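Notes follow once the structure below has been shown.
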Amino acid sequence: MKKIFFLFWSLTFLISGHAQMVDPVKWKNSVRKKSDNHYVLVLDAQIEKEWHMYSQFTPDGGSLPTEIKYANAGKDFKLIGKTKEIGTHKTFNEVFGVDELYFENKAHFEQEVEVNPGVKTIDASVDYQACKQMCSNFTKKFTFAIPASEAAVDVAQEVTSVDTTALVDEAPEVAPVVDSSAVKTIKTATIEATSEAVPRSLWGVFLIAFLSGFAALLTPCVFPLIPMTVSFFTKQSKTKAEGKKNALIYGISIIAIYVILGSLVTAIFGADALNALATNVWFNVIFFILLVVFAISFLGAFEIVLPHTWANKVDRQADRGGIIGILFMALALAVVSFSCTGPIVGTLLFEAASRGGIGPIVGMLGFSLALALPFMLFAMFPGWLNSLPKSGGWLNTVKVFLGFLELALAFKFLSNADLVLQLHLLEREVFLAIWIAIFGVLALYLFGKISTPHDSPLTHISVGRLLLGILVLTFTVYLIPGLWGAPLKLINAFPPPLEYSESPHGLGNSGAVAIQQELPEGAKSGPHGITVFDDYEKGMAYARKINKPIMLDFTGFACVNCRKMENNVWSDARILPILKEQVVLISLFVDDKRPLPENEQHISKDTGEQIETIGDLWTDFMISRYHTNTQPMYVMIDAQEKNLNPTQPTISYVDVETFESWLKKGLSAYQK
């Protein structure tokens, strides 16, 4: 499936690469007077069918957000609050693992301002990404005319060279207004999420929740209740059929209780509120603390229990008999087992809620189904109870094992907060050292070398525990090279990125051989020690001097897919020697916001946009020469700027085999 995806992506890119660059988003701006000196700046966008653009507040690690900038803010006028938006939708992007906010068909933005006397116009610009099967970046500039009349007015100006005939007059569809104070936007490049992303995401939530329910089932708070509860139904019921019916009602009651809990979380906090909190620094810190408390509880320091009066009241209600009594028996199970299930349910609810929508409901459905199934199945087939393992010390081992996992997961949330604040307190090496310590101690525990307060005396370890210990030890050893700069592709999404570390090139620069060598003028050491130029002219001059072909790398500082290509493809043994020895690499950053010298700023002949920054220059270069604006994008040329692979002039986010084939075709053409 992965290869099919890459093949489809490459084919799409090839076909679209020859098309004329057309902006699928049409804009109209207007001004609405609110009160004396207070106005509302309005932007309406009409988006072509099958295209979409992203919200200002799409979460960290996702796609390129829309960014609206107002010239002379704070000088000629004061911004009142943040720019609000209407019309967003949400989908889970499996590539980045985040819920993305985006617009389809139309978008609406409003910014309230307090204007100083005498100010007649306000200039603004919008940077945004429009996506269909590929994504392109655009910038539009607007001038808002401040009405001179004291009466409330609504003045609209058509933007130069923009077709406004397709705009609709009806109000944009209403969606929740997002407050940017809850989300820190970071620009990233992207590929489009598939239309099946949401259902796949929910299936993923369900599967994780089901496995979590199974883990909770194997804890000392729940497992011993299975034979006791099943025996109650089979012995107290007048017939076997009645016993099975009561057990079925009991299982359904368990499911209902947890699904209602998930529904309450969704209803109280809203489908999107917890998702917004998931990107909030303080919420990540608070959840880190909660997970540490949960972990310490699982390790045996104390138990998290609900008040005993609750359990007593529920237990008395369970004696009523009938369906009501069975329902309270299920509630009693939830209350009594809370010390084991509570931490798991809390973690699961947070993870499910961070996906947005009905994630908490689906999560609780999966969890409770795994919890309820054994009670129903053993009641229907009582003979199976004879094959059920007996309760014992192994149940506490499961609980302690979960405690170690909770502790490791806690540091992921602390890392999220540190990355957003850029404090560099929990850099990659520190994070990995903590994980190595946690999983190393877990391996010692599984091998019986250490014990926790509630463990039974261990005379020997079972084969299953031994194999699990070997697996954990293997994982621990796998983490160790990460301290020296190894990419650790199996857990790429968990630790901080390679560049967020004390030694971005590995300890002792072990990952950057080029640093130890004399670099050409204008060059620097790039990923994996590759010599890289970020100045086009200096790179071309060096290529002419040493007579080598050039690979242009159109990239971005915050481009996630660019980093994935560098970490997963460039690092491959088939690719790295080519990039180090056979080509001159020129990396052009399209999000470089450093201003160009005033004498080099100009209006693009192709797009009509103002070229003010270095990033604008390389973006315009992409559009004018290659008719696309997608990152990453790679081009093979010779010293005369002739394309060396005319059948496939550019290539983007692909697998190792495809990238290697494309590189070798360019090298072969250069040598002819």
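The values are calculated or read from the model by the stated rules, or taken from the named source; none is laboratory data. This one's a predicted model, so the numbers in the text were calculated from it and none came from an experiment. Using ideal geometry, Cβ is built from the backbone for each residue, glycine included, and neighbour counts are taken over all protein chains shown. Accessible surface areas use protein heavy atoms only, side chains included; no ligands, DNA or RNA. Shrake-Rupley method; radii C 1.70, N 1.55, O 1.52, S 1.80 Å.
Some values worked out for this structure:
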quantity	calculated
Euclidean distance between Cα centres, the range 414-468 to the range 563-598, Å	36 Å
Extension reserve of the Lys605-Glu104 stretch, reckoned as 0.36 nm per residue once the Cα distance is removed	177.4 nm
FRET E, pair Leu458, Ile296, Förster distance 22 Å, beta-carbon r, rounded to 0.05	0.50
Globularity index of the range 40-128, i.e. its alpha-carbon radius of gyration over 2.2 N^0.38 Å	1.24
Extended-chain gain in nm, criterion 0.36 nm per residue less alpha-carbon gap, Ile491 and Arg594	33.7 nm
Relative contact order, percent, the range 567-672 [alpha-carbon distance under 8 Å, six or more residues apart]	20 percent
Rounded D (µm²/s) - the range 627-672, Kirkwood Rh over Cα pairs, Stokes-Einstein at 4 °C, 1.567 mPa s	117 µm²/s
Assigned charges on the beta-carbon of Lys, Arg, Asp, Glu; the range 566-672 dipole about Cα centre (debye)	500 debye
For the range 528-633: span of alpha carbons on each principal axis (Å, largest first)	43, 33, 24
Accessible area of the range 419-489 belonging to carbon and sulfur atoms, whole % at 1.4 Å probe	74 percent
Length released on extending from Ala73 to Phe381, taking residue separation times 0.36 nm less the Cα-Cα span	103.6 nm
Two-site label geometry, Lys132 and Lys245: point separation in nm, points 7 Å out along Cα→Cβ	6.1 nm
Cα-projected label distance for Val441 with Ala256, points at 7 Å along beta-carbon direction, nm	4.4 nm
Listed residue pairs exceeding 20 Å between alpha carbons, taken from Lys548/Lys665; Lys524/Lys672; Lys34/Lys120	Lys524/Lys672
